[in-house]
Amino acid sequence: MLDTYKVVLIGESGVGKTCIINQFNDGKFDPNIKISISAQFCRKKIDLPNGESITMDIWDTVGQETFRSITQIFYTHAKVAVIVYDVTNKKSFEEAKNYWYKKIQELDDKDIIIAIVANKYDLYEKRQVSNEEGEAYAKSIKAIFGFTSAKNNTGIKTLFENIAMKIKQKKNNKSNETNINNINNEKISLINKKNNKIKCC
Ligand code: GTP
């Protein structure tokens with residue numbers, strides 16, 4: 001059976017979360033899209049370069065401040081938190097750092113994968129957050145970083161592929177750790193058996 005991973009997009013209202021998901025899911029961009037008033041998800045299978053694949057449930061959440069406590073329910077058990085900001089809106093970047101990242105930090109799961117996404121990259125000339133600023137921040141918190149334009153369909157496929165690869169990498173590391181632990185446990189039990197034998201003789 002295929003594992004399915006929960007990936008949740010969070011961030012301020014209007015940064016483009018719904019448009020990123022719509023573009024990824026059905027290749028469409030609606031400039032007159034309505035504000036989200038409820039969370040919804042789509043299931044996507046992502047093929048990796050090595051021929052493996054990963055299935056993600058990609059959740060869109062409500063960015064409006066009044067719904068923040070409800071939004072929290074959706075990212076609480078996520079495998080990946082994708083924090084989106086709008087490059088033309090400095091405040092959305094500040095909130096990404098000072099609110100959304102902090103809320104993820106407060107979760108019990110310290111193993112959660114974080115991605116920082118600079119959306120509306122097509123509005124390059126109206127930029128209020130420089131590329132370097134976004135990239136440096138992502139690096140400082142060891143997050144995946146991506147530039148996207150939901151309008152032009154730029155960077156979205158790459159973003160989800162990078163997320164899928166990170167999920168796979170973490171999964172492989174975990175199974176290696178489990179194997180090492182199993183080998184160590186076997187060694188310990190062999191040593192214990194040997195010691196018991198020596199005592200008996
Ligand atoms: P909430 O539902 O309130 O949480 O907002 P959201 O983050 O889901 O934003 P949404 O996808 O509804 O997009 C908000 C507005 O930004 C819409 O008018 C979109 O058409 C526009 N928009 C989204 N992504 C882009 C983009 O990459 N480029 C441009 N130029 N506009 C975008």
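Restricting region 113-140 to residues that are aliphatic (A, V, I, L, M) and surrounded by fewer than 18 Cβ atoms within 10 Å (Cβ to Cβ), the residue that is nearest to the ligand (Cβ to nearest atom) is Leu123.
Pairs are defined by a Cβ separation below 6 Å, a sequence spacing of at least 6 or placement on different chains, a first member in region 35-49 that is under 17 Å from Asp60 (Cβ atoms), and a second member that is within 10 Å of the ligand (Cβ to nearest atom) and assigned to a strand (DSSP E or B); the pairs so defined are Gln40/Asp60.
I need the full set of residues from region 40-57 which are loosely packed, with under 11 Cβ neighbours inside 10 Å and modelled with pLDDT of 95 or more, in order please. Steps first, answer last, please.
First, pick out the residues of region 40-57 that are loosely packed, with under 11 Cβ neighbours inside 10 Å: 43, 49-51.
Arg43 - this is the single residue of region 40-57 that is loosely packed, with under 11 Cβ neighbours inside 10 Å and modelled with pLDDT of 95 or more.
Scanning region 1-41 for residues that are of a type in the set (A, V, I, L, M, F, W, C) and closer than 23 Å to Asp109 by Cα gives Leu2, Val7, Val8, Leu9, Ile10, Ala39, Phe41. Taking region 1-43 as the range and being under 14 Å from the mean Cα position of the chain (by Cα) and among the charged types (D, E, K, R) as the test, the residues that pass are Lys6, Lys17. For region 73-112, a residue qualifies if it is over 13 Å from Ile10 (Cβ atoms), touching a strand residue (DSSP E or B) at 6+ places or on another chain (Cβ under 7 Å) and not in a helix (DSSP H, G or I), and the qualifying residues are His77, Lys79, Asp86, Val87.
Could you tell me whether Cys19 is open to solvent by less than 30 Å² (accessible area, probe 1.4 Å) and in a helix (DSSP H, G or I)? Taking the combined requirement at face value, the residue satisfies it.
So, Lys97, is that one touching a residue at least 24 places away in the same chain (Cβ under 8 Å) and surrounded by 15 or more Cβ atoms within 10 Å (Cβ to Cβ) or not? So Lys97 fits the description; yes.
Restricting the first member to region 61-72 and to residues that are outside any loop (DSSP other than H, G, I, E, B), and the second to residues that are within 8 Å of the ligand (Cβ to nearest atom), the beta-carbon pairs closer than 6 Å and six or more apart or on different chains are Thr71/Thr61; Thr71/Val62. Taking the criterion of being near the ligand (Cβ under 7 Å from one of its atoms) and polar (S, T, N, Q), the residues of region 1-31 that qualify are Ser13, Thr18. Taking each residue of region 14-30 that is in contact (Cβ under 8 Å) with a residue 60 or more places away in the chain and looking for partners that are polar (S, T, N, Q) and part of a helix (DSSP H, G or I) with beta-carbon atoms closer than 9 Å, six or more apart or interchain, yields Gly14/Ser92; Val15/Ser92; Phe29/Asn22; Phe29/Gln23. Within region 152-163, can one find any residue that is loosely packed, with under 15 Cβ neighbours inside 10 Å and modelled with pLDDT under 95? No, because not a single residue in region 152-163 is loosely packed, with under 15 Cβ neighbours inside 10 Å and modelled with pLDDT under 95.
The values are calculated or read from the model by the stated rules, or taken from the named source; none is laboratory data. Here the structure is a predicted model, which means the values were calculated and not measured. When we count neighbours, we look across all protein chains shown, and the Cβ atoms used for this are built from the backbone with ideal geometry, even at glycine. Areas reflect the complete protein model, heavy atoms only, side chains present, ligands, DNA and RNA absent. Shrake-Rupley method; radii C 1.70, N 1.55, O 1.52, S 1.80 Å.
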